[in-house]
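Reading through the structure tokens given below for one structure.
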There are 2 protein chains.
Amino acid sequence: MGMGRPRAFDADAALDRAMDVFWRHGYEGTTIAQLTEAMSINPPSLYAAFGSKEGLLKAALDRYTERRDAWMEKVVGASTAREVAERFLMEHADAQTDPANPPGCLLVQGGLACGTGSENVPFELAARRTRTEDQLRERFVRAKGERDLGENADPAMLARYLSAVTSGMCVMASSGADRNALREIAAVSLKAFDEQAKA
Amino acid sequence: MGMGRPRAFDADAALDRAMDVFWRHGYEGTTIAQLTEAMSINPPSLYAAFGSKEGLLKAALDRYTERRDAWMEKVVGASTAREVAERFLMEHADAQTDPANPPGCLLVQGGLACGTGSENVPFELAARRTRTEDQLRERFVRAKGERDLGENADPAMLARYLSAVTSGMCVMASSGADRNALREIAAVSLKAFDEQAKA
DNA sequence: AGATATCTGTAGTGTTCACTACAGATGTGG
DNA sequence: CCACATCTGTAGTGAACACTACAGATATCT
């Protein structure tokens, strides 16, 4: 028995195109027509490969998360908690204003509030944002064990603070804030981190 | 000549209902059917009074902005820049987790990215967020003139930082962060503000 | 080469969307 | 009480939506 006609498009390249559309217009603002055009495929190919619009989003998020994990490994690989925070904040400022991507972050632009029937989308995005916060917290727990953070420093709070600031930077970036503006925010936040870290 | 049949519903009360729906589901996630049901009116009444879905959003935002302005007057009415920052951060933490409202802030939940044809919506929301930032900046400019802020303190940067943090808090609130979590973020941010303020 | 399994492109499907035509209701001004 | 202006409720409108039936194309496996 045969194995069928092979797929004529590169699924990963297509996912990158889809990611860009979701990022730019949000989940609900994106139409299948826009996706199929950006991916250069027809609807049946999209549905055969990804199941549904939401399935496509999840596949795109998986790809996004893969890259983000690789990036986070580099970030938490820094030798001190301070340097982790610095890299996290500064590289976020740069990534969110990288002209190669839409402004902001897919995990925020994708949609904080959705309509009936898509309630799962904001939840899915939130879960992936939480993942980043968890990775930071774990790194700070380790730092505390290494006496790299003060006795009274709270790893969970530090991680949550950094997560909040970068989410806020997303909002600013989506309304046109430039790289320098975000870097200034990052710099101020880093000082706050230092204060808390030595507590 | 007569003046016509009077409107049978209270427009302001209806706007409050509409505001809640937009806040909970975002602009694109909200349907006219949901709005008319929440407002307890039929589509023709909605369109006669507000012109379009986008017109209704703007009317709801005007009402939202009115309240926000009153609140901001109270905030910038504090006697010191530090107290302005403290009120701004702490009351944001409380407002965004007030069970009387949907979580977060309408100006963020409403939609950061929208589909083709609704590009104006994120723009409108961003303009109203910027307004808050402007009000803070003006207050800090005054504070600097009063030597309430250090020689090297940058009012625009301080306002932008506070604005970014509260936007980040919105994102956290929308994914279920509780009041204490937001207050902790606010407290850390306030220390950063203090550092910058005395510069 | 033939049978089979899967993909691709065309051309739709039913549903839901924002929005409205129309007729009857209800007020005001004369 | 009558003419008129505006609102209200019913019942739709065309357009856009996510999604798919189907037929032909193209690969693999025997």
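Can you say whether residue B:181 is more than 8 Å from chain A (Cβ to nearest Cβ) and modelled with pLDDT of 95 or more, as far as the supplied structure shows?
No.
Would it be correct to say that residue B:24 is under 21 Å from residue B:126 (Cα atoms), of a type outside the set (S, T, N, Q), crowded, with 17+ Cβ neighbours inside 10 Å and more than 16 Å from DNA strand D (Cβ to nearest atom)?
Criteria met by residue B:24.
Looking at the structure I just gave you, is residue A:126 more than 13 Å from chain B (Cβ to nearest Cβ) and at pLDDT 95 or above?
no
Quick check on the range A:48-61. Is at least one of its residues among the acidic types (Asp, Glu), over 30 Å from residue A:146 (Cβ atoms) and assigned to a helix (DSSP H, G or I)?
Within the range A:48-61, one or more residues are among the acidic types (Asp, Glu), over 30 Å from residue A:146 (Cβ atoms) and assigned to a helix (DSSP H, G or I).
Could you grab me the full set of residues in the range B:140-199 that are in a loop (DSSP other than H, G, I, E, B) and within 13 Å of residue A:164 (Cβ to Cβ)?
Selection gives B:175, B:177.
Among the listed residues B:44, B:102, identify the single one that is modelled with pLDDT of 95 or more, farther than 30 Å from residue B:196 by Cα and not in a helix (DSSP H, G or I).
Testing whether each residue is modelled with pLDDT of 95 or more, farther than 30 Å from residue B:196 by Cα and not in a helix (DSSP H, G or I) leaves just B:102.
Identify, please: which residue in the range B:73-123 is at the interface with chain A (Cβ under 9 Å from one of its Cβ atoms) and of a type in the set (Val, Ile, Thr) and is, among those, nearest to DNA strand C (Cβ to nearest atom)?
Applying the filter and picking the extreme gives B:116.
For the range B:30-41: of the residues being in contact with a helix residue (DSSP H, G or I) (Cβ under 7 Å, 6 or more places away or on another chain) and in a helix (DSSP H, G or I), which is nearest to DNA strand C (Cβ to nearest atom)?
B:32
Look through B:115, B:51, B:55, B:77 and report the one residue that is surrounded by 15 or more Cβ atoms within 10 Å (Cβ to Cβ) and either modelled with pLDDT of 95 or more or touching a strand residue (DSSP E or B) at 6+ places or on another chain (Cβ under 9 Å) (or both).
Going through B:115, B:51, B:55, B:77 in turn, the sole match is B:115.
The values are calculated or read from the model by the stated rules, or taken from the named source; none is laboratory data. Because the structure is a prediction, the values reported are computed rather than measured. Because the Cβ atoms are built from the backbone with ideal geometry, glycine has one as well, and the counts that use them run over all protein chains shown.
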